[in-house]
Amino acid sequence: MIQGARGRFISLEGGEGVGKSTQARALAAALRERGLDVVETREPGGSAGAEAIRGLLLEGREDRWSPRSEALLFAAARADHVDKTILPALDAGRWVICDRFLDSSIAYQGGADGLGDEAIRTLHQIGSAGLLPDRTVLLEMNAARAKSREFSRDRGQLDRFGKRGAVYHQQVAQSFHKIAMAEPVRFRIIDAEGPQPTITRRLLKAIEDLL
Ligand code: TMP
């Protein structure tokens, strides 16, 4: 790598149960094999402060927060994550692979919860100076299949968002698709069905122009 070059920022997005976390790990491993210095991180979380906020967001009663409070908490967690983890890594020339980022807030809080994309983008501008990934890969899967995977993975121990109904998750999926179609340079959509190595190959292809 050229000395002093800024690293690349890649986010993986999608609904519950599409296999993002497994694929984030696999992508990071594949990039390390190519000699890149990779930081794996996730949202909500990825820094001490943001991990503390993650507990507030994911645990407890379903009605613990209103959609507006949730949007602010996600934005606050993201601000800390960007400041403490993502920007320092990029500045050091490292690649950052992030399991969820801003687009999850746009799809869940902006879309399914009805707060609107612009409100979420405004919060992101305030919290994180509008930082965007170099590439965002949306993993898409048939909703019924994703749901059955989510249940078998967590054996019924779903977090506050996983507990929301099928209609909510359908709205999330539609929002993700809409955002991805609106930003074709930053986004790639890949099919998340199939053997894990095949999906990892699709992911690598989706970022190969950045390598
Ligand atoms: P995960 O660790 O399974 O991805 O869970 C995080 C949950 O939080 C998931 O249901 C999606 C939700 N979420 C939002 O609603 N907005 C956000 O901005 C982020 C990052 C996650």
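A few points about this structure:
- Accessible surface of VAL39 - all protein chains present, 1.4 Å probe, nearest 10 Å²: 20 Å²
- Computed per residue of the chain from DSSP H runs no shorter than four, each worth -39500 (n - 2.57), the mean residue ellipticity at 222 nm is -15000 deg cm²/dmol.
- LEU211-GLN196 pseudo-label distance in nm [points 7 Å out on the Cα-to-Cβ vector]: 2.0 nm
- A straight Cα-to-Cα reach below 26 Å connects LYS205 with the lysines LYS20, LYS178, residues fewer than 8 places away in its own chain not being considered.
- Full-stretch length increase - ALA5, LYS84 - with 0.36 nm per residue and alpha-carbon distance subtracted: 26.5 nm
- Per residue value of the accessible surface for segment 9-210 (all protein chains in place, 1.4 Å probe), Å²: 46 Å²
- In Å², nearest 10: area of LEU158 left accessible to a 1.4 Å probe: 20 Å²
- Of all accessible heavy-atom area on segment 9-210, the percent that carbon and sulfur account for (1.4 Å): 54 percent
- Whole-Hz couplings from phi, Karplus 6.51/-1.76/1.60, listed for segment 90-96; x for Gly and Pro: 4, 5, 7, x, 8, 8, 10
- Take GLU118: with every protein chain present and a 1.4 Å probe, its accessible area is about 120 Å².
- Reachable aspartates and glutamates, given that their alpha-carbon falls under 15 Å from the alpha-carbon of LYS163 and they are not under 8 places away in the same chain: GLU16, GLU59, GLU62, ASP63, ASP113, GLU150, ASP154
- Distance histogram for segment 9-210 (every C-alpha pair counted, 10 angstrom bins, percent rounded to whole numbers): 9, 36, 40, 14, 1
- When both segment 5-30 and segment 68-85 are represented by their alpha-carbon centers, they are found 19 Å apart.
- Taking label points 7 Å from Cα along the Cα-to-Cβ direction, ALA144 and TRP65 give a separation of 3.3 nm.
- Loop GluC sites (Glu not before Pro), segment 40-116, which have at most 15 other Cβ atoms in a 10 Å radius of their Cβ (DSSP): GLU59, GLU62
- Net length gained if the chain between GLU51 and ILE126 were fully extended (0.36 nm per residue, minus Cα distance): 25.0 nm
- The per residue volume of the convex hull around the alpha-carbon atoms of segment 1-83 is 112 Å³.
The values are calculated or read from the model by the stated rules, or taken from the named source; none is laboratory data. All of these numbers come straight from a predicted model, not from anything done at the bench. Using ideal geometry, Cβ is built from the backbone for each residue, glycine included, and neighbour counts are taken over all protein chains shown. Ligands, DNA and RNA are excluded from the accessible area calculation, which covers all protein heavy atoms including side chains. Shrake-Rupley method; radii C 1.70, N 1.55, O 1.52, S 1.80 Å.
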